[in-house]
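*Asks:* One structure follows; several queries about it will come next.
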Amino acid sequence: LQMKSSIIRSAASAVARGNFAQISSTHLSFFEKTVGASYVKTKEIDNYTSDWTRQMKGSSDCVVLPSSTEETSAILKYCAENRIAVVVQGGNTGLVGGATPIHDELILSTSRINNHFHLEPSSGVLTLDAGIILAHADNRLTEHGFMMPLDLGAKGSCQIGGCIAAGAGGIRLLRYGSLHSHLLGCTMVDGKGSILKLGGQLRKDNTSLHAAHLAIGSEGQLGVVTSVTMGVVPRPSSILSAMLAVSSYSDCIRILSLARSKLGEILSSFELIDGDTMKCVERHLPLKNVFEGSHNFYLLIETHGSNGDHDSEKLNAFVEEALGAELAADGVAANSEAERTHMWRLREESPIAAAKDGYIYKFDVSLPLEHFYRLTEETREKLMGRARVYCYGHLGDGNSHLNVTTDGEDEELMRELSPFVYNWVVSHGGSISAEHGIGQLKRDYRSLGKSAEESALIRSIKRVFDPHGILCPYKMIPAQE
């Protein structure tokens, strides 16, 4: 995916370089001795210095790829002693530039930390290396009747450690909960090079603070996650999907309540695509709406269960009730895997369609459901035809993906848009980052909605794990405001 952007965003011009060492030949020699010369890269590293969207471009003199916790520890200990700034990178699928260098940080990639994978079938507890790709882990669990509790559009590239560091959410959160519901422990190397074994394999253990959970959403600020222990979930034998066409947002909320009531324990996903997004998908991709005509909203509902006949009966009854109560204008349940896949492509490829629509500004926010779509409406009103506004997202958990596109560069719009969106979100009880993180894209807004006391506490925790401030500087946790 090549996204157009009004600016190749780099914070280098806005963020002063810290008092860190520049990487020298002496440093390179140590890295090569530690991980092997083949795994210290100084040339052809553009894929590491740009983010997945190609919107953010940084610079670095070196990429180091350790293969183990011990090698990671040796690298970070050396960097701490020599005051070398480090940015941690997994699958490099992030959308806010958290894994992209800004000045000349050393890039530490976890891609080679991918050997250990152990499932305890009786308990459903999985321990695996952080560099294992999410889809690969999910595939390996299939033969044991389990699956990963999270599912992301980037599952073919994102790594387990990166999912933890990003606090990944995805489409299954409504049914299976967040990563906090599943993480039991992790191994993390902190900014001093110390190896921290946090938590364990027990589902119940209240003998200490749950320190492993500090890794979730930490964006590499506290350390490098090298191993993860988590609970996995039984793979459902019955997976069903349906789509509804809806006239008003208020009816979308009523249908969500109906789904919670009628589908209960089998409801796993509840996704929204607004009418403008569906038109964008049809305009830019070889995909066709499942309904004739156009509607204001489309809802994609999925169920996970163990009895296909039972689940199908419940899903069909739910669709019929939504239509009978005139909450939905039209509705259809997928009758085959091909139909189900087509429905999900409409939702999962909405970001690709928006990216093809022009220069794009992306927002990932959480809002109370009463305000979820008002943000889209008020953004359209503010822009008054200067841009196109699209909304899709995880309505079941209040996570809106707002996309704004323009035909050409519009730096004035960009300067207006982010403050408007983020201040609006916080003033309506929301969060400026639902699942994508802060990184460098949102660094100037990171304190919105947070008290001075909370910000000070977070900085103090950062100093415990990373006293020299070498880990991912310039981003989520500043040394001072």
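*Asks:* Using only the Cα atoms, work out Rg/Rh for region 148-293, with Rh taken as the Kirkwood radius, to two decimals. Each step should come with its number before you reach the end.
*Replies:* Working: Rg = 19.5 Å, Rh = 18.2 Å.
Here the Rg-to-Rh quotient is 1.07.
*Asks:* Would you mind checking the radius of gyration and Dmax of the chain based on alpha-carbon positions, in Å?
*Replies:* Just the Cα atoms of the chain yield Rg and Dmax of 22.8, 74 Å.
*Asks:* What's the tally of Lys pairs in region 357-481 whose alpha-carbon atoms lie under 20 angstrom apart, where the two lysines are 8 or more places apart or on different chains?
*Replies:* Count of close lysine pairs: 9.
*Asks:* Would you calculate the separation in nanometres between label points at E143 and F291, each defined as 7 Å from the Cα along the Cα-to-beta-carbon direction?
*Replies:* Placing both labels 7 Å along Cα→Cβ, they lie 4.4 nm apart.
*Asks:* Can you compute the modelled spin-label distance between S312 and R54, with each label point 7 Å from Cα toward Cβ, in nm?
*Replies:* It works out to 4.5 nm between the two label points.
*Asks:* Right, here's the next one. Taking every pair of Cα atoms in region 386-481, average 1/r, invert it to obtain the Kirkwood radius, and report Rg/Rh to two decimals. If you can, show how the numbers build up before the last one.
*Replies:* Details: Rg = 15.8 Å, Rh = 15.4 Å.
For region 386-481, the value is 1.03.
*Asks:* Here is a further query. Non-local amide H neighbours of R235 (under 5 Å, H modeled in plane, Pro and chain starts lacking H): which ones?
*Replies:* F146, M147
*Asks:* Excluding L346 itself, what net charge comes from residues whose Cβ is under 14 Å from its Cβ, given Lys and Arg +1 and Asp and Glu -1?
*Replies:* Numbers: positive: K279, R283, K288, R340, R345, R347; negative: E271, D274, D276, E282, E302, E339, E348, E349.
Cβ neighbours under 14 Å give a net charge of -2.
*Asks:* What is the pair-distance distribution P(r) of region 260-318, computed from all Cα-Cα distances in 5 Å bins starting at 0, with each bin given as a whole percent?
*Replies:* 4, 16, 23, 17, 14, 15, 11, 2
*Asks:* What do you get for Rg/Rh over region 373-422 if you use C-alpha atoms and the Kirkwood form of Rh? Show your work: numbers first, answer last.
*Replies:* Details: Rg = 11.3 Å, Rh = 11.5 Å.
Across region 373-422, the Cα-based Rg/Rh ratio is 0.98.
*Asks:* Let me check I have the definition right: for region 114-163, take the eigenvalues of the Cα gyration tensor, multiply each by 5, take square roots. What are those semi-axes in whole Å, largest first? All intermediate terms of the calculation are to be shown ahead of the outcome.
*Replies:* Numbers: eigenvalues 60, 30, 14 Å².
That gives 17, 12, 8 Å for the three semi-axes.
*Asks:* Let me ask something additional. Starting from the Cα-Cα distance between I195 and S447, subtract it from 0.36 nm times their residue separation and give me the gain in nm to one decimal. Could the numbers behind the result be given before it?
*Replies:* Values: separation 252, 0.36 × 252 = 90.72 nm, distance 3.01 nm.
Working it through step by step, the gained length comes to 87.7 nm.
*Asks:* Could you give the angle, 0 to 90 degrees to the nearest 10, between helix 411-427's Cα long axis and the longest principal axis of the Cα atoms of the chain?
*Replies:* Approximately 80 degrees, to the nearest 10.
*Asks:* OK, next. From Cα pairs below 8 angstrom and at least 6 apart in sequence, can you work out the relative contact order of the chain, rounded to a whole percent? All intermediate terms of the calculation are to be shown ahead of the outcome.
*Replies:* Numbers: 1004 pairs, mean separation 81.4, N = 481.
Over the chain, the number comes to 17 percent.
*Asks:* Further, regarding this structure: For region 293-395, just say rounded, prolate or oblate: build the C-alpha gyration tensor, square-root its eigenvalues into a ≥ b ≥ c, call rounded for a/c under 1.5, and beyond that prolate if a/b exceeds b/c, oblate if not. Before the final figure, lay out each step's value.
*Replies:* Working: a/c = 2.32, a/b = 1.79, b/c = 1.30.
Note, shape of region 293-395 comes out prolate.
*Asks:* Quick one: compute a quarter of the convex hull surface over the Cα atoms of region 301-355 and quote it in nm².
*Replies:* Working: hull surface 18.7 nm².
With the hull built on Cα positions only, its mean projection is 4.7 nm².
*Asks:* Using just the alpha carbons, could you tell me how many Å³ per residue the convex hull of region 398-453 encloses? Numbers along the way, then the final one.
*Replies:* Values: hull volume 5.9 nm³, N = 56.
Taking only Cα atoms, region 398-453 has a hull volume of 106 Å³ per residue.
*Asks:* Here's a follow-up. Considering only the other residues whose Cβ falls under 10 Å of the Cβ of R112, what net charge follows from Lys and Arg at +1 and Asp and Glu at -1? Can you show the working numbers first?
*Replies:* Working: positive: none; negative: E71, D129.
My count for the surroundings of R112 gives -2.
*Asks:* Express the Stokes-Einstein translational diffusion coefficient of region 337-434 in µm² s⁻¹, to the nearest whole number, given a Kirkwood radius over alpha-carbon pairs, 25 °C and a viscosity of 0.890 mPa s. Spell out each step's value before the answer.
*Replies:* On the way: Rh = 14.1 Å.
For the chosen part, D equals 174 µm²/s.
*Asks:* On to the next question. Just want to confirm a number: the relative contact order over region 267-390, from Cα pairs under 8 angstrom separated by 6+ residues, in percent.
*Replies:* Working: 92 pairs, mean separation 38.0, N = 124.
The value is 31 percent.
*Asks:* Just check region 222-326 against the gyration tensor rule for me: Cα atoms, a ≥ b ≥ c as the square roots of the eigenvalues, rounded for a/c under 1.5, and otherwise prolate or oblate depending on whether a/b exceeds b/c. Each step should come with its number before you reach the end.
*Replies:* On the way: a/c = 2.02, a/b = 1.27, b/c = 1.59.
Oblate, since a/c reaches 1.5 and b/c is not below a/b.
*Asks:* How would you classify region 33-138 from its alpha-carbon gyration tensor, with a ≥ b ≥ c the square roots of the eigenvalues: rounded for a/c under 1.5, else prolate if a/b is greater than b/c, otherwise oblate?
*Replies:* Details: a/c = 2.27, a/b = 1.42, b/c = 1.60.
Since a/c reaches 1.5 but b/c is at least a/b, the shape of region 33-138 is classed as oblate.
*Asks:* Count the net charge of all other residues whose Cβ sits under 12 Å from the Cβ of G167, scoring Lys and Arg as +1 and Asp and Glu as -1.
*Replies:* Values: positive: none; negative: E219, D364, E435.
Neighbourhood net charge equals -3.
Read the figures in this text as sums done on the coordinates, not as results from a lab. As the structure is a computational prediction, the values presented were derived from the model and not from experiment. Because the Cβ atoms are built from the backbone with ideal geometry, glycine has one as well, and the counts that use them run over all protein chains shown.
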